[in-house]
Each structure stands twice: as structure tokens, then as C-alpha cells.
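Reading through the C-alpha cells given below for one structure.
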Amino acid sequence: MNSQLDEAVAVLKRGGLVAFPTETVYGLGADAGNPAAIGKLYAAKGRPADHPVIVHVAGMANLNEWAREVSPVARRLAQRFWPGPLTLILKRAPGVSDAITGGQDTVGLRIPSHPVAHALLEKFGGGIAAPSANRFGRVSATLAEHVRREFGDAVDFVFDGGECDVGIESTIVDATGAAPVLLRPGHITARDIERAAGIALAAPTPHSPRAPGTLAAHYAPATPLLVMEGDLLLELAATLTRQGQRVAVLARSTLQPLHTGLTWITAPADVHVYAHDLYANLRTLDAAGCDALLVEQLPQRPEWAAVNDRLARAAAGSCPPSTS
């Protein structure tokens, strides 16, 4: 690992892009203190300039470099969940670039728990701005191979750290006020946050900070995706295949195909394993060359909130399949 670390750090210091694993998904990293490198990062992803990125840091000692205020609720959440899959939105410190914050007065910070990410941050010695390592709005990467296929030579170095453990992006919490505000659900749930903060979540408002991954259309495959109940899914799949269309299906363990001609993946019933496999499954089905990708609707329970969020945005980011 040391040789990969040395190469990754050298790339970052000369203003290049490094893809690296975190416990959530692979990040596409650039030196957060180098505006030219951040510009290269936005260009590679095709990311809008007003869409902020998350700065990854090695430890709590680094916070003062990026945040001018760390509220009591932010400290409680950091002590409970860092290192880990939680991003805190804080008031940005003087000198933090608009290129990172999307022009806002806030900055998103995270201390990842993945050993590769931690080692890279320690050795680099600064903040690494790292949105997910995929083209903007598309399915996130949970394997190094996903990154290589998507970016090719546009990324200077891909640090292969194996499969990501969680599989979906971090929970994002606005911790700039007295009460935390959940901006993006993730592995750390709303209930987890309230317990750790010792206070109920406040609702987002039109004045809440913009946060990564919260646009209505996001995480989308190129294949038109629909989320629907199992019986309706089978009915639509039958209709589309009779019309000569090719159909990919991401089902739950309770749904079984009633006819042939489908590209089919049965996902695990457990919520955490489903989340872990989600993006890899969507990428596999998206690569199958089908005309439609049908996903069986998931339980509408709190523990499924993050996965349901990603699927709803993925569906919004794709066009519905034609049935005529």
C-alpha cells in the first residue's frame, strides 16, 4: 500500500486527481487548498460550479482550518460518528474557497473511517475535496474498476482499496444551528442523529445550505429506470418484452420472474446488504444494454430511507421507458 500512497500523494500535491475508496463510495479527490485542482475536479465530473463538494480531513484537529464555528451539537455528532459516514455542514473558515462551497458561507466536512482514506489524508497532510467518483448525476462507484471505466485517463491515479463497505454516500447534517437538520439520509439514520445530538431534528427550509447529492435527479443510470410494486413490475416487464424490448430487473428476494427474457438480479432482503450492493447492481444492469430498468419498490420504513432516497433520485434522473 505504501507505494500507492506515495504515488497518490504526489499526484495530489502537483494538482492532479486521485480516486480513492472511502467506507461509503469511491471519492474523486483533489487538493482542497488548490483552486486549479478543484477546477480540474469539477471539469472531470461535469459538476455545476454552484454544487458544493465535501472536504475530507484526517482528524478533529484539522477542523479549525476549514470551519470557523463548531457548534455543541456538531461536536456531539462528531464525537459519536467520526471517523465514519457522516458529513457535517459548518460555517466555513476565512480563506476557504468558493470553489469548494459553491459560493455559500458553509462547508461540508467529513473524517472517513476507511483505512486507505485515513492513511491518504494523514500522509497528504491537508484537506482533500472528494465528491463521488462518477460523472455528475450518474451512479456512484463502489469499486476501483467502476472509476476506471467511467473516467479512463481523466483521473490521474486510481487507488484500488477494494469494495466499499457501506455502498451509499454519507449522511449529511446541517449543524450550523441549535438543532441539526438532515439534508441527505445515509447509513447513519435520523434516529441515530437525534439520539447522539440529544435534540430532535429540525426540518430543512428554503434557506438550508445546498448539499451534495440532493438534487431531485441524481445517481441515475443511462437506462430508463422505474421503481414500482412487484405485481406492477412483472406486468410492465411482460408488456415490454412482448413488444420486443429488453428489460432489466432489480428485485427483492420475495419477487420471482414469471417469464424468461429478462436480465434479472435478486437483491438481498437485508437493508444494509441491499445498500452495499445497490450501485454495483445498478451498474451491472445498466451495462446489459436493456431498454428499461425496473426496480421493485422497497419498504417505506425509516431504516430504508437512504436507499429509497437514492432510487427516487435515480428514477427522476432517467427517462421512463416507452410502452407504445
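Mind checking whether some residue in the range 52-75 is hydroxyl-bearing (Ser, Thr, Tyr) and either in a helix (DSSP H, G or I) or at pLDDT 95 or above (or both)?
No, the range 52-75 has no match at all.
Within the set of pairs 6 or more residues apart or between chains, which connect a residue that is farther than 21 Å from Thr106 by Cα inside the range 174-199 to a residue that is part of a helix (DSSP H, G or I) and of a type in the set (D, E, K, R) with Cβ atoms less than 8 Å apart?
Thr189/Glu303; Ala196/Arg76; Ala196/Arg80; Gly198/Arg76
Scan Gly162, Gly84 and give me the residue that is in contact (Cβ under 8 Å) with a residue 60 or more places away in the chain, open to solvent by less than 10 Å² (accessible area, probe 1.4 Å), in a loop (DSSP other than H, G, I, E, B) and over 19 Å from Lys40 (Cβ atoms).
Criteria check complete, one pass: Gly84.
May I ask you to verify whether Val107 is more than 20 Å from Gly161 (Cα to Cα), surrounded by fewer than 24 Cβ atoms within 10 Å (Cβ to Cβ) and not basic (Lys, Arg)?
no
Which residue out of Ser97, Ser140, Ser113, Ser132 is open to solvent by 30 Å² or more (accessible area, probe 1.4 Å), touching a residue at least 60 places away in the same chain (Cβ under 8 Å) and closer than 30 Å to Ala312 by Cβ?
Result: Ser113 is the single residue among Ser97, Ser140, Ser113, Ser132 that is open to solvent by 30 Å² or more (accessible area, probe 1.4 Å), touching a residue at least 60 places away in the same chain (Cβ under 8 Å) and closer than 30 Å to Ala312 by Cβ.
If you check Ala275 against the conditions, is it buried (at least 18 other Cβ atoms within 10 Å of the Cβ) and out of contact with any Cys (no Cβ under 7 Å at 6 or more places or on another chain)?
Here the answer is yes, as Ala275 does meet what is asked.
Where in the range 202-271 are there strands (runs of 3 or more DSSP E), lying wholly inside it, with at least 3 residues that are buried (at least 19 other Cβ atoms within 10 Å of the Cβ)?
247-251
Of all residues in the range 1-27, which are open to solvent by less than 30 Å² (accessible area, probe 1.4 Å) and either without any contact (Cβ under 8 Å) to a residue 60 or more places away in the chain or closer than 17 Å to Ala211 by Cα (or both)?
Within the range 1-27, Gly15, Thr24, Val25, Gly27 qualify.
Yes/no matrix, rows are residues, columns are (1) of a type in the set (Val, Ile, Thr); (2) under 15 Å from the mean Cα position of the chain (by Cα):
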| residue | (1), (2) |
| --- | --- |
| Val116 | yes, no |
| Ala119 | no, no |
| Gly125 | no, no |
| Ala133 | no, yes |
| Thr142 | yes, yes |
| Arg149 | no, no |
| Asp153 | no, no |
| Gly162 | no, no |
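Have a look at Ala190, Ala178 and point out the one that is farther than 29 Å from Phe136 by Cβ and of a type in the set (A, V, I, L, M, F, W, C).
Among Ala190, Ala178, only Ala178 is farther than 29 Å from Phe136 by Cβ and of a type in the set (A, V, I, L, M, F, W, C).
The values are calculated or read from the model by the stated rules, or taken from the named source; none is laboratory data. All values reported here derive from a predicted model rather than from experimental measurement. Backbone-built Cβ (ideal geometry, glycine too); neighbour counts: all protein chains shown. Keep in mind that these areas ignore ligands, DNA and RNA; they rest on the heavy atoms of the full protein, side chains included. Shrake-Rupley method; radii C 1.70, N 1.55, O 1.52, S 1.80 Å.
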